[in-house]
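Working notes, beginning with the structure itself.
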Amino acid sequence: VLWRDRFPWPTSDGHKYSRGHAVVVGGGVAATGAARLAARAALRTGAGLVTVVSPPGALMFYASALEAVMVLAVTDDEAFAALISDPRKNAVLVGPGNGVTETTKARTLAALSAGKACVLDADALQPEIIAEAPKPERLALTPHAGEFSRLSGESDACPRAYSGKIGCATVLKGPFT
């Protein structure tokens, strides 16, 4: 396996922060499923800590469904930027269930500007954000076919060529991912 030697296996002297702290930007009450799945996936793949940040009205939906995941209500974009400025928080996922809104745009730009490892999914995959935002060294876009067409502006674009053009990894979601 190509990645086995690079995988950050737990060590006996390790602790939760040595495994990374992932922040998942969750959506409102009507759209919590994808963020909950992402938070669980982050834990399963080895994150030491996972925090879902959400609008205050959705906090209890996340808290009641996620054991071992911290939840935090974030009321404004400045509070979000302050949260992810913590150097111990080293990975951010923005997009699932967030809605295509100014808040999503602001949080996506804050995540990209913070220099953390970032995954942009769903509603964070806005062409104008990708075009204008700084690109952290570790950035992955995870569009499905429709989102990818919207991002690339072409219905038959190649994800590999698009990745090379914008300077990040693009994982086209489908039956093989």
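Rounded to the nearest 0.05, what FRET efficiency do residue 165 and residue 4 have when you use their Cβ-Cβ distance and R0 = 30 Å? Working shown, then result.
Values: r = 31 Å, r/R0 = 1.02.
So, using R0 = 30 Å, E works out to roughly 0.45.
Could you sort 36-44, 110-118, 68-76 so that the peptide with the highest average Cβ count within 10 Å comes first and the rest follow in order?
My ranking of the peptides, most packed first, is 110-118, 36-44, 68-76.
Considering only DSSP beta bridges whose two residues both sit in the stretch 1-129, what percent are antiparallel, to the nearest 5? Kindly include the intermediate steps, with their values, before the conclusion.
Numbers: 0 of 16 bridges.
Rounded to the nearest five, the antiparallel share is 0 percent.
Let me have the 222 nm mean residue ellipticity of the chain computed from DSSP H runs of 4+ only, each contributing -39500 (n - 2.57), with the sum over all residues rounded to the nearest 500.
Values: 7 runs with 61 residues, N = 177.
For the chain, the value works out to -9500 deg cm²/dmol.
Quick one: what are the phi-derived ³J(HN,Hα) couplings along the stretch 103-109, Karplus 6.51/-1.76/1.60 with θ = phi - 60°, whole Hz, x for glycine and proline?
5, 4, 4, 4, 6, 5, 4
Give the cross-link partners of residue 89 among the lysines, using a straight C-alpha distance below 23 Å as the criterion and excluding same-chain residues fewer than 8 apart.
16, 105, 116, 135
Between residue 71 and residues 5 or more places away or on another chain, which pairs have amide H atoms under 5 Å apart, with H built 1.01 Å from N, and which residues are they?
Excluding prolines and chain starts, which carry no amide H, the hits are 52.
Taking 0.36 nm per residue of separation and subtracting the Cα-Cα distance, what length does fully extending residue 18 through residue 173 add?
Numbers: separation 155, 0.36 × 155 = 55.80 nm, distance 2.94 nm.
Taking residue 18 through residue 173 to full extension adds about 52.9 nm, to one decimal.
Convex hull over the Cα atoms of the chain, averaged projected area in nm²?
10.9 nm²
What's the carbon and sulfur percent of the chain's accessible surface, probe 1.4 angstrom, rounded to a whole number? Numbers along the way, then the final one.
Details: 5580 of 9560 Å².
That fraction is 58 percent.
In the neighborhood of residue 7, defined by Cβ-to-Cβ distances under 15 Å, what is the net charge if each Lys or Arg adds +1 and each Asp or Glu adds -1? Walk me through the intermediate numbers first.
Values: positive: 4, 6, 19, 44; negative: 5.
So the environment of residue 7 carries a net charge of +3.
Please calculate how many Å² of accessible area the chain carries per residue, with a 1.4 Å probe and no DNA, RNA or ligand atoms counted. Can you show the working numbers first?
Details: 9560 Å² over 177 residues.
Ligands and nucleic acids excluded, the result is 54 Å² per residue.
Please list the non-local residues whose amide H lies under 5 Å from the amide H of residue 85, H modeled 1.01 Å from N, same-chain partners needing a gap of 5 or more.
Residues meeting the criterion, in which the H sits 1.01 Å from N, do not exist here.
Per the Kirkwood treatment, what hydrodynamic radius in Å, one decimal, follows for the stretch 24-90 from the mean inverse distance over all distinct Cα pairs? Numbers along the way, then the final one.
Details: mean 1/r = 0.0832 Å⁻¹.
Mean inverse Cα-Cα distance, inverted, gives 12.0 Å.
For the chain, which span is the longest to avoid every loop-located (per DSSP) member of chymotrypsin sites (Phe, Trp or Tyr not before Pro) having at most 16 other Cβ atoms inside 10 Å? Mind showing how you got there, number by number?
Details: sites that count: 3, 176.
So the longest stretch without any such site is 4-175.
Can you work out ³J(HN,Hα) from phi for every residue in the stretch 163-177, in order, using Karplus 6.51 cos²θ - 1.76 cosθ + 1.60 and θ = phi - 60°, giving whole Hz and x for Gly and Pro?
4, x, 5, 9, x, 7, 7, 10, 10, 7, 6, x, x, 9, 10
Explain nothing, just the number: relative contact order of the chain, from Cα pairs under 8 Å at least 6 residues apart, as a whole percent. Walk me through the numbers before you get to the answer.
On the way: 318 pairs, mean separation 29.3, N = 177.
It rounds to 17 percent for the chain.
The values are calculated or read from the model by the stated rules, or taken from the named source; none is laboratory data. Please read these numbers as outputs of a predicted model, since none were measured by experiment. In this analysis, Cβ positions are derived from the backbone assuming ideal geometry, glycine residues included, and neighbour counts consider all displayed protein chains. Only protein heavy atoms, including side chains, enter the accessible area calculation; ligands, DNA and RNA are left aside. Shrake-Rupley method; radii C 1.70, N 1.55, O 1.52, S 1.80 Å.
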